[in-house]
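All remarks here apply to the structure that follows.
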Amino acid sequence: MSPASIHNWIKDAKSVELDDGTEVTSKEFKKLQKENQRLKEELEILKAAAVLLGKR
């Protein structure tokens, strides 16, 4: 087992405290950040679609 693998496991297992006081692992936090970005992009697409459909 490589030291890099162990380092990554430790890094992923460390907890991050969210604004509401909830603690999640670094891995979960990265997943939440990706999901948040995806949702922001979807929202922008829906806003643009609403503008286009509103002009009809």
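Residues considered: Asp19, Asp12. Of these, the only one that is out of contact with any Cys (no Cβ under 9 Å at 6 or more places or on another chain) and part of a loop (DSSP other than H, G, I, E, B) is Asp19. Any residue at all in the stretch 26-42 that's surrounded by 10 or more Cβ atoms within 10 Å (Cβ to Cβ), polar (S, T, N, Q) and in contact with a helix residue (DSSP H, G or I) (Cβ under 6 Å, 6 or more places away or on another chain)? Within the stretch 26-42, one or more residues are surrounded by 10 or more Cβ atoms within 10 Å (Cβ to Cβ), polar (S, T, N, Q) and in contact with a helix residue (DSSP H, G or I) (Cβ under 6 Å, 6 or more places away or on another chain). The C-beta contact set for the stretch 26-37 (first residue charged (D, E, K, R), second residue surrounded by 12 or more Cβ atoms within 10 Å (Cβ to Cβ), distance under 7 angstrom, 6+ apart or interchain) comprises Lys27/Asp12.
For the stretch 16-25, a residue qualifies if it is touching a helix residue (DSSP H, G or I) at 6+ places or on another chain (Cβ under 7 Å) and among the polar types (S, T, N, Q), and exactly one does: Thr25.
Bear in mind that the values in this text are calculations on the coordinates, not laboratory data. What you are looking at is a predicted structure, and each value in this text was computed from that prediction instead of being measured. Here Cβ is always computed from backbone atoms with ideal geometry, including for glycine, and neighbour counts include all displayed protein chains.
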